[in-house]
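Engineer: Take this structure first; my questions come after.
The values are calculated or read from the model by the stated rules, or taken from the named source; none is laboratory data. Computed from a predicted model, the values in this text were never measured in an experiment. Cβ coordinates were reconstructed from backbone atoms using ideal geometry, including for glycine residues, and neighbour counts include every protein chain displayed. Surface accessibility is based on the protein's heavy atoms, side chains included, excluding ligands, DNA and RNA. Shrake-Rupley method; radii C 1.70, N 1.55, O 1.52, S 1.80 Å.
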Amino acid sequence: MKKLKFERPVINHINAGVPDKFGRGTTIQAISDIEDIAVEDFLSQYGSPLYVISEKIIRDTYREALSAFKTRYPKVQFAWSYKTNYLNAVCKIFHQEGSWAEVVSGFEYEKAIANGVPGSKIIFNGPDKSKEDLKRAIENGSLIHIDHFDELYDIMNIAPKTGKKAKVAIRVNMDAGIYPHWDRFGFNYENGEAWTAINKIMPNTDMELIGLHTHIGTYIMTPTAYAIAVSKLAALAVRIKIKYDYHLKYLDLGGGFASKNTLKGAYLPGSDTCPSFDDYAKAITDALNNSDIQYDHMPTLFLETGRALIDDAGYLLGTVLANKRLLDGRRSLIIDIGVNNLFTSFWYEHQIVPTKIKQRDTEDTTIYGPLCMNIDIIRAAVQFPLLEKGDQVVIKRIGAYNMTQWLQFITYRPKVVLIDLDGKTHVIRENETHESMNALDKIPDHLKEIQL
Amino acid sequence: MKLKKNIAVSENGFLFDPHSGESYSLNKTAQLIVKLISEGKTEVEIMNSIMKKYDVESSALQRYLDDFIMMLHQMNLLEKEDN
Ligand SMILES: Cc1ncc(COP(=O)(O)O)c(C=O)c1O
């Protein structure tokens, strides 16, 4: 007699009434392949864990965002926010699509130059610009977005020595009706600080004020906040026209569009709640078109969108190391992806799924990484199928910030693979090795010999 | 190994514990194991009767059974044994 298919025994506690923190009734769909390449093949060829990036999703997402704006306001220019993902291959895809570079440090500036971005198409943001950084940026004609008065004075000193006019904008912070109000970067709008800075720059012959910049925050769920930001920057632009008879060339609205990831503590999944590019584009371009800026001097709209352009294109693949029971009987699943590889797990309830579902039953599960640390929690509470050692998992929407904020800790960082438009895979960053990790260490002579 | 008194399992896999007032849902395999426990079967007998009927290796089954019995203890559904 043929034996029946076996399923593991499962007993689940039934909670009457409200769903508990593990959430009920969500069916988990397995992801067995990414763009027709089996997860299993990825991991056997490149090792586990592994980052995978889809070139197609990057380009499609970029084009969707660009067209949402272009169809409403033709003068639009994106600048790729390097900090979000500065793998060179990723930056080059954005640059091929026409995106400039937005950098916040000398390190990122050098990367952009090495990636072939002309200095005049680099926006240099952030509070940390050394005198050398500023000199190079002035000489290259980059757009320097001034963060504070000390930087303004530095530029006043350095620019004359270069024989060039510094092209500058100021970063403006403001109350855009949202919380938190980011007031630590740039000059404040409401208290007049921004206007004071403008009045120092405008008469200065070594500087040319070309635009105004703001970045009101990140993961902004309310498009109307951008409309407020536009109206405040536009008011400054109009004031500059009145006082100096001068037209600014651009307004830069920064980044901050939400990605479809679910924020920790959110009641509904991000994919249901996050505004579309069209929603943001409508709010921003309506505010621009309705502003008092003269019609034939409308500024270029710069956008430094980060996470919303890249999150969906990234996947993190990994392998189950073990199952354990916690003291309260909850299942814990240990995988080879730790928070050092998935920094964004501190903000997001990342969607994690198995590559196959062997049986329908799920259990309250906590998913841990392999680090020997208590904070290493990928999902604190999720209804999850019963997986076994060696089974594989996929974490979705990890393209933003993880490949820049990753931490090297107790093991080597893994490879990153790109799937190109023809479905071919390319390693775009090698895994670390003993040699690469040790290359920067130096041992003083008296520590060279040890005897045990 | 003995199920606590008065524990009732319905046809469609719901288990009610009158001592605590809690209910649980069981899948088919779990229902079968609980039934065998209530008939007073030993662990070895439970293993044998499952392997006769289902396609499963004994080492894997042993792991799942250990885990399941631990859960029954955890949920206070088994009589405490002094060994
Ligand atoms: C100045 C600036 N521009 C753009 C970005 C990208 O933001 P996001 O990823 O939220 O779009 C950031 C992120 O912090 C930023 O600080």
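Engineer: Kirkwood hydrodynamic radius for the range A:1-115: how many Å is it when counted over pairs of different Cα atoms?
Structural biologist: One decimal place: 19.2 Å for the Kirkwood radius.
Engineer: Report the one residue of A:ALA237, A:THR224, A:ILE155 whose Cα lies farthest in the direction of the positive end of the charge dipole of the protein assembly as shown (charges on C-beta: Lys and Arg +1, Asp and Glu -1; origin at the Cα centre).
Structural biologist: Working it through, the farthest residue towards the positive pole turns out to be A:THR224.
Engineer: Let me have the 222 nm mean residue ellipticity of the protein assembly as shown computed from DSSP H runs of 4+ only, each contributing -39500 (n - 2.57), with the sum over all residues rounded to the nearest 500.
Structural biologist: Rounded to the nearest 500, it is -9000 deg cm²/dmol.
Engineer: Using only Cα atoms, what Kirkwood radius does the range A:200-353 have, in angstroms?
Structural biologist: 18.7 Å
Engineer: Just the accessible area for A:CYS372, please: 1.4 Å probe, Å², rounded to the nearest 10?
Structural biologist: Answer for A:CYS372: close to 120 Å² accessible.
Engineer: For chain A, what is the charge dipole size about the Cα centre, in debye to the nearest 20, if Lys and Arg each add +1 at the Cβ and Asp and Glu each add -1 at the Cβ?
Structural biologist: With Lys and Arg at +1 and Asp and Glu at -1, about 520 debye.
Engineer: Another one. If N is the number of residues in the range A:324-371, what value comes out of its Cα radius of gyration divided by 2.2 N^0.38 Å?
Structural biologist: 1.26
Engineer: Could you list the square roots of 5 times each eigenvalue of the Cα gyration tensor of the range A:55-311, that is, the equivalent ellipsoid semi-axes, sorted largest first and rounded to whole Å?
Structural biologist: Ellipsoid semi-axes (Å, largest first): 28, 22, 17.
Engineer: Can you pull the Kirkwood radius for the range B:8-74, inverse mean 1/r over Cα pairs, to one decimal in Å?
Structural biologist: For the range B:8-74, inverting the mean 1/r across all distinct Cα pairs yields 12.6 Å.
Engineer: If DNA, RNA and ligands are ignored and the probe is 1.4 Å, what is the ranking of A:GLU435, B:GLU22 by accessible area, most exposed first?
Structural biologist: Sorted by accessible area, descending: A:GLU435, B:GLU22.
Engineer: Could you run the Karplus curve 6.51 cos²θ - 1.76 cosθ + 1.60 with θ = phi - 60° over the range A:152-165 and give me ³J(HN,Hα) per residue in whole Hz, x for Gly and Pro?
Structural biologist: With the stated coefficients, the range A:152-165 comes to 4, 5, 4, 5, 4, 7, 7, 3, x, 6, 8, x, 10, 7 Hz.
Engineer: Rounded to the nearest 10 degrees, what's the angle between the helix A:55-70 long axis and the longest principal axis of chain A, both from Cα atoms, 0 to 90?
Structural biologist: It works out to around 40 degrees.
Engineer: Just reorder A:ASP361, B:ASP17, A:ASP296 by solvent-accessible area, largest first, 1.4 Å probe, all chains present.
Structural biologist: The ranking, largest first, comes out as A:ASP296, A:ASP361, B:ASP17.
Engineer: Moving on. Viscosity 0.890 mPa s, temperature 25 °C: what is the translational diffusion coefficient of the protein assembly as shown from Stokes-Einstein with a Kirkwood Rh over Cα pairs, rounded to a whole number of µm²/s?
Structural biologist: The Stokes-Einstein estimate is 91 µm²/s.
Engineer: In the range A:222-317, which chymotrypsin sites (Phe, Trp or Tyr not before Pro) fall in coil by DSSP and have 14 or fewer other Cβ atoms within 10 Å?
Structural biologist: Hits after loop and neighbour filter: A:TYR246, A:TYR267.
Engineer: How much solvent-accessible surface does A:HIS297 expose, in Å² to the nearest 10, with a 1.4 Å probe and all protein chains in place?
Structural biologist: The accessible area comes out at roughly 70 Å².
Engineer: Where in the range A:326-375 are there trypsin sites (Lys or Arg not before Pro) that are in a DSSP coil and have at most 12 other Cβ atoms within 10 angstrom of their Cβ?
Structural biologist: A:ARG360
Engineer: Only bridges whose two residues both fall in the protein assembly as shown count here: according to DSSP, what percent of them are antiparallel, nearest 5?
Structural biologist: 50 percent
Engineer: Compute, for A:ARG325, the solvent-accessible surface of its heavy atoms (probe 1.4 Å) with the complete set of protein chains present, and express it in square angstrom to the nearest 10.
Structural biologist: Result for A:ARG325: roughly 50 Å² accessible.
Engineer: At a 1.4 Å probe radius, which order do A:PHE78, A:PHE409 fall into by accessible area, largest first?
Structural biologist: Descending order: A:PHE409, A:PHE78.
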